[in-house]
1. Can you give me the orientation-averaged projected area of the convex hull built on the Cα atoms of segment 133-264, in nm²?
2. So, how do all the Cα-to-Cα distances of segment 265-340 break down into 5 Å bins, in percent, from 0 on up?
3. In percent, what relative contact order does segment 43-178 have, based on Cα pairs under 8 Å that are 6 or more apart in sequence?
4. Could you tell me how many degrees, from 0 to 90 and to the nearest 10, lie between the Cα long axis of helix 215-231 and the main elongation axis, the longest principal axis, of the Cα atoms of the chain?
5. Considering the Cα trace of segment 172-327, what is its radius of gyration and what is Dmax, both in angstroms?
6. Out of every Cα-Cα pair in the chain, what percent are more than 33 Å apart?
7. Among the aspartates and glutamates, select those whose C-alpha is under 13 Å from the C-alpha of Lys264, and discard any that sit fewer than 8 residues away in the same chain.
8. Specify the angular offset, from 0 to 90 degrees and rounded to the nearest 10, of the alpha carbon long axis of helix 44-66 from the longest principal axis of the alpha carbons in the chain.
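The values are calculated or read from the model by the stated rules, or taken from the named source; none is laboratory data. All values reported here derive from a predicted model rather than from experimental measurement. Ideal geometry is used to build each Cβ from the backbone, glycine not excepted, and the neighbour counts take in all protein chains shown. Just the protein is used for accessible areas: all its heavy atoms, side chains included, with ligands, DNA and RNA removed. Shrake-Rupley method; radii C 1.70, N 1.55, O 1.52, S 1.80 Å.
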Amino acid sequence: MADIILGIESSCDDTSAAVLRDGVLLSNVIASQQVHKDFGGVVPELASRAHEQNIVPVVSEALRKAGVTPADLTAIAFTRGPGLLGSLLVGTSFAKALSLSLDIPMVMVNHLQGHILANFVRQPDKPVDVPSFPYLCLLVSGGNSQIVKVNSPLEYEILGQTIDDAVGEAFDKCSKMLGLGYPGGPVIDRLAKLGDPNRFHFAKPNIPGLDYSFSGIKTSLLYFVRDEMAKDPDFLEKNKEDLCASFQKTLIDILMGKLIRAAKETKIKQITIGGGVSANSGLRERIVAEGRKRGWKTFLPEFKFTTDNAAMIAVAGWFRYKAGERTPLDVAPVSRMADY
């Protein structure tokens with residue numbers, strides 16, 4: 001009998017549901033929230049209200065596209081955390097109610113674990129090359145920047161992580177400084193393609209080990225733009241493409257420097273990236289280029305699996321379900337999770 005898993009993701013501002021049959025993706029539906037652009041960032045209260053409106057139609061559409069009914073489901077995988085507590089509460093509560101009504105088990109998933117396993121999403125009639133264990137994952141998003149050694153679908157070891165801001169936050173705040181809007185990552189990526197990445201130079205942190213820091217580079221950009229605009233009020237408009245290209249290159253240099261060091265220290269040549277920032281074209285090109293140079297085998301998730309989505313949650317939950325894990329109905333969502 002086939003295992004049919006419903007995945008539910010509601011950690012931030014995207015409501016998503018996906019259906020897997022024996023690890024193969026049948027559907028992946030995402031409802032995004034546009035209202036946050038007006039505020040320059042996600043407003044938690046608005047996000048949770050939108051999840052309440054979206055969760056039922058999104059799940060219904062995922063089941064319809066997959067060609068299954070609720071009665072066909074074997075288990076429900078859901079994001080427990082980390083994320084916005086109000087948003088997580090909607091997804092967790094829905095998973096509990098559906099689990100209770102159908103008398104099927106739940107499996108909780110760490111949202112970051114979903115990003116790490118995004119390369120394992122298999123689609124019908126589409127061959128997929130997956131990394132072998134152990135592999136290294138550069139996990140980069142708006143809330144996290146980590147280098148993770150993945151020993152198995154259930155075993156993870158954080159080798160390094162940011163000590164302050166995440167790289168995705170650096171992209172967003174840079175965009176805000178330059179008046180480019182939210183979310184900042186896609187805008188900066190687009191403008192960077194038109195600019196000279198070597199035109200300007202920004203301070204890089206000297207952090208020991210494999211940890212990251214991104215607070216200093218934001219300050220460096222802020223003071224640089226302030227000083228240049230004091231000389232020429234039109235400096236920003238004249239140079240925004242070069243500023244974006246140079247800023248993005250600096251961030252990628254920082255990320256790749258630690259990843260290269262981690263690969264050398266662990267002698268692991270299976271390298272993946274995950275998280276929202278893994279959609280950045282500059283980072284994707286750089287990691288492939290470094291892979292060719294250093295003999296790595298690199299794996300890039302499809303663009304549609306880089307942002308928050310239920311397909312990755314369903315895959316992570318499927319691994320845990322197959323391993324015998326089950327989650328009790330009294331589980332509560334958490335905004336932070338100490339480990340994997």
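1. Values: hull surface 33.8 nm².
Taking a quarter of the hull surface, the average projection is 8.4 nm².
2. 3, 12, 15, 19, 17, 15, 10, 6, 3, 1, 0
3. Working: 156 pairs, mean separation 21.1, N = 136.
Relative contact order comes out at 16 percent.
4. That helix lies at roughly 40 degrees to the long axis.
5. For segment 172-327, the Cα-based Rg and Dmax read 18.3, 65 Å.
6. Working: 16597 of 57630 pairs.
I get 29 percent for the Cα pairs in the chain exceeding 33 Å.
7. Glu290
8. Value to nearest ten degrees: 50.
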